[in-house]
Amino acid sequence: MAIAWQTITDQYDIPVNFGDVDAWGDDVASSMRAQMTEVGVEADQLYYRTRGGDVLGPFQLPAAPGGTDAGVAAYVADGSSTPAALAGWDARRTTTRNVLDYGARGDGLADDTAAIQAALDAGGDVYLPAGIYLVSDELRVGSYTTLRGCGIDVSVIVAADSMPRRLNVVTNAKNTRSARPDSDVDTTLRVADLTILGSYDSRPTGGEWSGNASGVYLAGVADTVIERVKVVRAPLHGFAVDASFLPTPEQESPTFYASCPSRDVVIRDCIAIDSAVDDGFTTHYSHDIVIERCVATLANVNTASGGVQNGFEVDDGSWRVTVRDCVARGWQNGFQVKGHTTCPPAYDITIDACKAIGCACGFACAASHWSARNVTIRSCEVIGPADVGTDGNRGCSMKLYGYEDVFVRDFTIRDAPYGGIIMYTNGVIVLDGITAYSTFTTTTPPEGSSDGLIRVTGQATSNANIVIRDVRASTPIGAGHLIRVNAATDMLVTITNVVGAGPAANAAVSLPFYNAGHRVDRIQVSGFGGLVEFRGGSGATAGITGAPQVLTGTGDPNGRFFAPPGSMFLRTDGAAGTTLYVKTTPASSASWTAK
C-alpha cells in the first residue's frame, strides 16, 4: 500500500506519537506546520514530508479516545476537511466542561473537590466560572487537559482548613511522590486564569512534605503551560517544577539526577505572594524551563523556617532554565541559582531583565561543588537591598560563590546602603557593565556584606580568572572601595574602565595581595584618597597602564598607591616640599617623588 499524502493546513492538528508519549494541540501543530508540508498514512503508520523534501517516519498512529483509526487513511486520500479518526482527539481537546455541570457550587462553602476532579478526569477544557471553590484534597490535572478560570481573583480555588499542609492545591495526575520512568510523564497540561489561596495559617500539619505543599506543583510533566495564575500563602512554594520525586538524603549525591524530570514547561504572567516556608517559584531536577513576566512578593521573611526563602530559585539538578522579565520583592534572595552540598548544582541558567526590590540579596549563585557552571545574569537591576532574614551576606546586591563561568552584563544597583557585589570562585567570572547609584552609604553593614561596590573575598582560589570592566558609580559611594580584591592567591584579575567617586579615606581600588596576575587599566576617579592601594604581597610588578592620573589625598603616597609613570599626587595635608608628588617609575607603589 502506497503512502497517501495530504497537504498540511491550519484546519486540523497534527497527531504524533513518540514511544508512549502522545502530544497534540495548537503549540505542537504550529511547530510542526513550520517544518512539515504534508502528512501521509500507510496502513496504521504516519509519515511527514519536510519543506526540504525529506520523509520522516513511520510514526505510530495514536488511537483516538473511544474511537478507531480507520478514517485517517480515507481522510488523507480524499482531502476531507474533517479527519474522522481524529474526532475523539479534537473533542477531548476542544470540549469545554463547566465544573458547575459536574456539581460544583463555587460559593466558598460547599466542598467542590469531587466535582472539579470529575470534570478533570473527563479531560479537555475544564472551566471554572467566577466563584470561590473550596477544596479539601489535591486537584489532579491529567494529560491533554486544561484547568482554567475566567481571571485572577475572579475564579478562586481555596484550600480548606481541613486540608493537610503536605498536600498541593493543584498538581499533575501522575504525581505519586515516587520515582517514575522518564517516559511516564503527564503531557500537554495547562492551568490558567485563576487564583489559588493556600491557606497555610489555618491548615493542619501532618505527613512528610517531601517537596510538595505548593500552590501549583508539577512532578514529571512535559509540554506544559501555567499562565495568569496567582498563588497566595502556599505552605512551601507558590509554584514548583520538579522531577517525579525528590531524592532522599540517602540517595543524594553530586551526580545523582532524579528520574522523570519535568521538561519543556512555561510559567508566565503568574504571581506568588507570601509563601509560608520557602520560595515563590522553584525548579529541581528539571530542564528546558522558562519562567517569564512573573512576580514574587514576600511581606515578612520566615526566620523560624530554617530555610532561605527565594523569590525565584533554580535549584538542585536543574539545567537549561531561563528566568526573564520577572520581579522579586522582599525575599532573602530575590533570585538564586544553587545546589545543596550533596546534590548536583543547577547549570546552564539565564536570568534576564529581572529586578529585585528590597531583598536581603538581589541575585545569588551558590554551590558547594566547583562543577557548578554556566550562569548568565543580563540586564538585571537591584533596588534597595535590605537587612532582612537570617542568611549571611544580607544587604548585598549580588553574591557569587562556588560557581564558575558566571557572566554578569549590564547590571544596575540602586539605593544599596550595605554594599554591592561579593564573590569568590574557582573559575571564570566576568562583570561587564556595572552601574551603581547611592551605594554603600553606611559604615555599619550587616554580617558578611560587601566592603564597597565590588569585593573578591579570600576564599577565591588560584584557578580563578576574574574580569571586571566598565564599572561606573554614578553617585559617590559613601564608604569602602569601588573594587577590593582580598584573596591571597595567584589568581588572574583584570580591572578596566572604572569611573566613580568616593571617600578620601580609601583608594578606589584596593589590592592587599597584589601580584603579577593583576592588571588595572583606565581608572578615572575623584574624591578617593588614591587610585590603587597596595598593602602587602610579594614579587609585585607593574600592573597599571594607561594615561597618567592626578590623585588627591592625605599622607605620603609611597607604599600605598600604584599609578602610571607621570602621575601626580596632591597631598592635602602637606607642607612646603611635601604637597606635590610625581610618580617616576612603574615598578612598585614606591617612587613617588616630592617636589
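Brief remarks on what is shown
- Scope segment 136-155; condition part of a strand (DSSP E or B) and in contact with a helix residue (DSSP H, G or I) (Cβ under 7 Å, 6 or more places away or on another chain); matching residues: Leu139, Arg140, Val141, Thr145, Leu147
- Any hit, segment 530-552, residues being modelled with pLDDT of 80 or more and under 29 Å from Ala436 (Cα atoms): no
- Scan of segment 133-151 for residues that are out of contact with any Asp or Glu (no Cβ under 7 Å at 6 or more places or on another chain) and modelled with pLDDT under 95, ordered by number: Tyr144, Thr145
- Filter result (among the charged types (D, E, K, R) and not in a loop (DSSP other than H, G, I, E, B)) within segment 472-495: Arg472, Arg484
- One residue stands out in segment 179-209 among those that are at pLDDT below 90 and of a type in the set (Ser, Thr, Tyr): the one that is nearest to Gly108 (Cα to Cα), namely Thr205.
- Top-ranked residue of segment 334-351 - restricted to ones that are open to solvent by 40 Å² or more (accessible area, probe 1.4 Å) and in a strand (DSSP E or B), ranked as nearest to Arg409 (Cα to Cα): Asp348
- If only residues of segment 319-333 that are modelled with pLDDT under 95 and open to solvent by less than 10 Å² (accessible area, probe 1.4 Å) are counted, the one that is farthest from Tyr401 (Cα to Cα) is Trp331.
- Test: residue in segment 298-309 that is under 30 Å from Ser183 (Cα atoms) and crowded, with 24+ Cβ neighbours inside 10 Å: no
- When restricted to residues that are in a strand (DSSP E or B), open to solvent by 40 Å² or more (accessible area, probe 1.4 Å) and modelled with pLDDT of 95 or more, segment 353-383 contains 2.
- Checked against (1) modelled with pLDDT under 90; (2) closer than 23 Å to Val169 by Cβ; (3) open to solvent by 20 Å² or more (accessible area, probe 1.4 Å), Ala258 meets all criteria but (3).
- Every residue from segment 233-244 that is part of a loop (DSSP other than H, G, I, E, B) and buried (at least 22 other Cβ atoms within 10 Å of the Cβ): Ala234, Pro235, Leu236, His237, Gly238, Ala243, Ser244
The values are calculated or read from the model by the stated rules, or taken from the named source; none is laboratory data. Owing to the predicted nature of the structure, the values given are computational and were not obtained by experimental measurement. FYI the Cβ positions are ideal-geometry reconstructions off the backbone, even for glycines, and counts take in every protein chain you see. Each accessible area value is taken on the protein alone, full model and side chains, heavy atoms only, with ligands, DNA and RNA left out. Shrake-Rupley method; radii C 1.70, N 1.55, O 1.52, S 1.80 Å.
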